[in-house]
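Handing you this structure, nothing more for now.
The values are calculated or read from the model by the stated rules, or taken from the named source; none is laboratory data. No experiment lies behind these values; they were computed from the predicted model shown. Here Cβ is always computed from backbone atoms with ideal geometry, including for glycine, and neighbour counts include all displayed protein chains.
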Amino acid sequence: MTEVVNIHNSAYDVLIARPSKWGNPFQIGRDGNRERVIQLYEVHIRRRPDPAKFFERYLALTDRHRTAFPGQSDDAIRATLRGMSAAQLAGVLTAAEREALQFGYRERVTDMHLPHIRELPAVLPGLFAAAARRAHAAGFDGVELHYAHAYTMASFLSRTNTRTDGYGGARENRVRLPLEVFHATRANVPADFAVGCRYLAEECIAGGSDVEDAVYFGAQFAQAGMDFISTSRGGKFDDAKQPGIGAAAYPYTGPSGYECMPQYISDARGPFGRNVAATAAVRAAIRGAGYETPIVCSGGVHNFDMAEKLLQDGVCDIVGAARQSLADPDWFLKMRLGRGAEIRTCEYTNYCEGLDQKHKPVTCQLWDKNDLDRPGVARTADGKRRLTPPEWPMPTG
Ligand SMILES: Cc1cc2nc3c(=O)[nH]c(=O)nc-3n(C[C@H](O)[C@H](O)[C@H](O)COP(=O)(O)O)c2cc1C
Ligand code: SF4
């Protein structure tokens, strides 16, 4: 099954390979023999440049620079800028230019001077809907629309979104595109195909959305008819650490990144349950508005007592666990079978997250060196890590 997707006048052939045909649950590619993932970055981020190259090539000289250095040729202005200190540059470069120099060029949904940013509200509902259709065609039971962290839709929801085209500013404007994306998606898949979203209960950045925004958005999503609502927190570019030259900023490296994936080196609050209070507020508001939409809460959940308490306290209806499930994918089963002592408990080291950050295959340090030489064990390209955890010999009887 092939369909053509048109994005900014470029046509992409997307081939949907069904599991029965290709033996792989989900492949998208231009031909059926090789798996290809097509990832489209609508909002660009670039690597932090070498300062010399930045001034030589990347910085677009404007009248502002020419006025600052009257009578100088463009080449001379570039050479002058290159020799200036950070303090001196602050008087000449705009904030966006300084950011491009120090962190790498990054577009925002508020960059209305860029045509592809301006037209996001016209383009994104169709793209999300097409992706959901492909997921359905490939055999999935539902999709989670990603409205969290540093993703584009989260930027629309953010209090930092000051667009003036009706999609920014007041809460009701910021939620408009996420709702349009949902409605377009819902209309393009069967009624029994689940469509929900993940969004931020708190952005955890200065000037960002807080729990009051999340309460409003949650009620809007529930009213729109989402099948589930999942909360996360933080994970923003806004407070990411400065990357090294040649590397790109990563949204999980700053304080908001810590809120998303807290680790064992922590502040006094510790890494567990940081999203509980905000999620409870979201769920209470949704119930108060008369909707029974299931709510998912995650963050540091690693044992039965914690998970059960979240459910008993009415914080959520479904408990999500990312790292504990990577540490031990059988932990649910072990709990259910009363074999809790056999669970590999996550140590919240964020070794896995470090791999993700470097775009390496994500594994867990609790098992990725175990039985490496056993026949049939799939390993990373360098052969140093196994890709899947050792199988748990499920007890019989
Ligand atoms: C290696 C790794 C990759 C992750 N990738 C995503 C992702 O693609 N999308 C997402 O919403 N959250 C992602 N997360 C965040 C988790 O979904 C989750 O919110 C966070 O880890 C806190 O939950 P936990 O304590 O159960 O791990 C990732 C987490 C880890 C550790
Ligand atoms: S590497 Fe394993 S133990 Fe460490 S945080 Fe990730 S899942 Fe937990």
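Mind checking which residues of the stretch 261-284 are of a type in the set (A, V, I, L, M, F, W, C), in contact with a strand residue (DSSP E or B) (Cβ under 6 Å, 6 or more places away or on another chain) and within 11 Å of ligand 1 (Cβ to nearest atom)?
Answer for the stretch 261-284, where residues must be of a type in the set (A, V, I, L, M, F, W, C), in contact with a strand residue (DSSP E or B) (Cβ under 6 Å, 6 or more places away or on another chain) and within 11 Å of ligand 1 (Cβ to nearest atom): there is none.
Here's a follow-up. Could you tell me which of the residues P262, P251 is in the same structural domain as S155 (by TED's automatic domain parsing), surrounded by 15 or more Cβ atoms within 10 Å (Cβ to Cβ) and touching a His at 6+ places or on another chain (Cβ under 7 Å)?
P251
Right, another one. Quick one: count up the residues across the stretch 100-116 that are in a helix (DSSP H, G or I) and either modelled with pLDDT under 95 or surrounded by fewer than 15 Cβ atoms within 10 Å (Cβ to Cβ) (or both).
Of the residues in the stretch 100-116, 2 are in a helix (DSSP H, G or I) and either modelled with pLDDT under 95 or surrounded by fewer than 15 Cβ atoms within 10 Å (Cβ to Cβ) (or both).
Additional query: Among the candidates A96, A122, which residue alone is assigned by TED's automatic domain parsing to the domain that holds F182, under 30 Å from N161 (Cα atoms) and surrounded by fewer than 14 Cβ atoms within 10 Å (Cβ to Cβ)?
A122
Also, quick follow-up: Does the stretch 374-390 contain any residue that is of a type outside the set (G, A, S) and within 26 Å of Y199 (Cβ to Cβ)?
Checked against the condition, which is being of a type outside the set (G, A, S) and within 26 Å of Y199 (Cβ to Cβ), the stretch 374-390 yields no hits at all.
Answer with yes or no whether C352 is near ligand 1 (Cβ under 10 Å from one of its atoms), part of a helix (DSSP H, G or I) and free of Cβ contacts under 8 Å to residues at least 60 places away in the same chain. Explain how you work it out, then say what you get.
Details: near ligand 1 (Cβ under 10 Å from one of its atoms): yes; part of a helix (DSSP H, G or I): yes; free of Cβ contacts under 8 Å to residues at least 60 places away in the same chain: yes.
Spelling it out, C352 is indeed near ligand 1 (Cβ under 10 Å from one of its atoms), part of a helix (DSSP H, G or I) and free of Cβ contacts under 8 Å to residues at least 60 places away in the same chain.
Give the residue, chosen from F156, F221, that is touching a Cys at 6+ places or on another chain (Cβ under 9 Å) and assigned to a helix (DSSP H, G or I).
The conditions single out F221.
Right, next: Can you tell me which residues in the stretch 318-339 are within 9 Å of ligand 2 (Cβ to nearest atom) and either of a type in the set (K, R) or at pLDDT below 95 (or both)?
R323
How about the stretch 295-348: which of its residues are more than 12 Å from ligand 1 (Cβ to nearest atom), over 27 Å from G225 (Cβ atoms) and assigned by TED's automatic domain parsing to the domain that holds G235?
Scanning the stretch 295-348 gives F304, D305, E308, K309, Q312.
In the stretch 355-364, what count of residues is obtained for those that are within 7 Å of ligand 1 (Cβ to nearest atom) and either closer than 15 Å to A321 by Cα or among the acidic types (D, E) (or both)?
Residues flagged as within 7 Å of ligand 1 (Cβ to nearest atom) and either closer than 15 Å to A321 by Cα or among the acidic types (D, E) (or both) within the stretch 355-364 amount to 1.
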